[in-house]
């Protein structure tokens, strides 16, 4: 899973580079137009969605429906946001804080940022605490709702929320703190707005 | 008759005719270049071999299978494809190459197909029926496209010409190539193609081939893995790298301590000889 995300991150960096500014493209009718490349969706079956979300298969990829109510077809639940998942995972991995905790960190940090020796790409290296206590990882993962502590490659995709699969403007404020994220991508202090709420534009 | 040689060659032995413009090897290389599906670069390479004076067909180019396969990989990876090797020693005997290519040439290539000339979506359209109820049908009539279009206008600077949106659609899936090769492809298409064209498999281009991870090979390489619910494999592997780093730090400390004790010994020796002021 980490391998997959390491690979997809390469493509996502490329995509972010393209989508930074409008580029001049020749369309099939022969006309040159200024165009923005934006990611519109990720089409995959369930295993692939699990893998791209780094999650268990027993969880809805779109809403906050609990596992024992997944069979109710018409119940509407609140949508999940990729930004929240990213924040929770990063806080658990690097600060040792589980979701819902307000005080001091309850456990030692499980990962630290490192560099892959061969490909020279940023990568999460486990700390000694993560290695010695094997159940700590699983406990943390369970507290996060089954999300693996892996840097998701889709977190960095510009204009795109991987769980809501909608257009999102701005990026999470958490990502701007990390050393490896590209600083021009992240705009701290901006809230994401979905396709449904266009008020923020005016 | 049609099978006879041309008139100027009739009555002559074939050795006495005009010499062939190419040697046999060169001819093979040219034939390969024009007629087969070998890549252009491979053909060039073969031609270079054949034109070399030192080339002797009896001499084997490759002594063993491994160097041959390496050369084949070097020659047959298509142009523009880059590879990243994610393999580490603890993964054992497996190939973890991640092949990928740039995204922008793929988008340009898709947009250069003349089939889509009248079928591309370049701007948002608000469609209503007779009663004024909005109809959401084609891709450029939906909410996503509207929002993306507005954002593009806003970010594009608001010039006289509108900024178009090229929606990128990604997809991953595991399939089988040539009946026995499992590949894990990463495909990309653009959403501004017509709805009919988007579902055609020819319009999904492969950007990358994600590597498989062979657990058995890693297990044979004695990767530490304890219990069914352990941390993911890659983590353990990189954890091993981390442990190695720690052990090297320890060795450095040992060496440092050794150097310090040597320094102490030397200084004591120096203090014992008062006449030598160099070491004090």
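The values are calculated or read from the model by the stated rules, or taken from the named source; none is laboratory data. On a predicted model such as this, the values are computed, not experimentally measured, just so you know. Quick reminder, even Gly has a Cβ in these numbers, built from the backbone with ideal geometry, and neighbours come from all protein chains shown.
Structure summary
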| item | result |
| --- | --- |
| Which numbered condition residue A:61 misses (of (1) under 18 Å from the mean Cα position of the chain (by Cα); (2) without any contact (Cβ under 8 Å) to a residue 24 or more places away in the chain) | (2) |
| Flag if residue A:6 is part of a loop (DSSP other than H, G, I, E, B), under 21 Å from residue A:151 (Cα atoms) and either more than 14 Å from every other protein chain (Cβ to nearest Cβ) or at pLDDT 90 or above (or both) | no |
| Some residue of the stretch B:90-112 being within 12 Å of chain A (Cβ to nearest Cβ), exposed (fewer than 11 other Cβ atoms within 10 Å of the Cβ) and at pLDDT 80 or above | yes |
| Unmet requirement for residue B:185, which otherwise passes all of (1) touching a strand residue (DSSP E or B) at 6+ places or on another chain (Cβ under 7 Å); (2) surrounded by fewer than 19 Cβ atoms within 10 Å (Cβ to Cβ); (3) without any contact (Cβ under 8 Å) to a residue 24 or more places away in the chain | (3) |
| Test: residue in the stretch B:119-129 that is surrounded by 18 or more Cβ atoms within 10 Å (Cβ to Cβ) and under 26 Å from residue A:153 (Cα atoms) | no |
| Output for the stretch A:112-139, where each listed residue is in contact (Cβ under 8 Å) with a residue 24 or more places away in the chain and within 10 Å of chain B (Cβ to nearest Cβ) | A:116, A:119, A:121, A:123, A:124, A:136, A:137 |
| Pairs where the first residue, in the stretch A:71-99, is free of Cβ contacts under 8 Å to residues at least 60 places away in the same chain and the second is assigned to a helix (DSSP H, G or I), C-beta under 7 Å, 6+ apart | A:75/A:69; A:92/A:140; A:97/A:91; A:98/A:92; A:98/A:140; A:98/A:143; A:99/A:88; A:99/A:143 |
| All positions within the stretch B:188-205 that are free of Cβ contacts under 8 Å to residues at least 40 places away in the same chain and under 18 Å from residue B:81 (Cβ atoms) | B:204 |
| Residue identified as closer than 29 Å to residue A:10 by Cβ and crowded, with 17+ Cβ neighbours inside 10 Å among A:50, A:84 | A:50 |
| Filtered residues of the stretch A:21-30 (kept if surrounded by 16 or more Cβ atoms within 10 Å (Cβ to Cβ), closer than 19 Å to residue B:116 by Cα and in contact with a strand residue (DSSP E or B) (Cβ under 6 Å, 6 or more places away or on another chain)) | A:25, A:27 |
| Residue that is farthest from residue B:146 (Cα to Cα), among those in the stretch A:150-174 that are within 8 Å of chain B (Cβ to nearest Cβ) and in contact with a helix residue (DSSP H, G or I) (Cβ under 7 Å, 6 or more places away or on another chain) | A:150 |
| Qualifying residue in the stretch A:31-54 (condition: touching a strand residue (DSSP E or B) at 6+ places or on another chain (Cβ under 8 Å) and away from chain B (no Cβ under 14 Å)) | no |
| Condition met for residue A:126 (within 20 Å of residue A:2 (Cβ to Cβ), surrounded by fewer than 17 Cβ atoms within 10 Å (Cβ to Cβ) and in contact with a helix residue (DSSP H, G or I) (Cβ under 9 Å, 6 or more places away or on another chain)) | no |
| Flag for residue B:170 being at pLDDT 80 or above and outside any strand (DSSP E or B) | no |
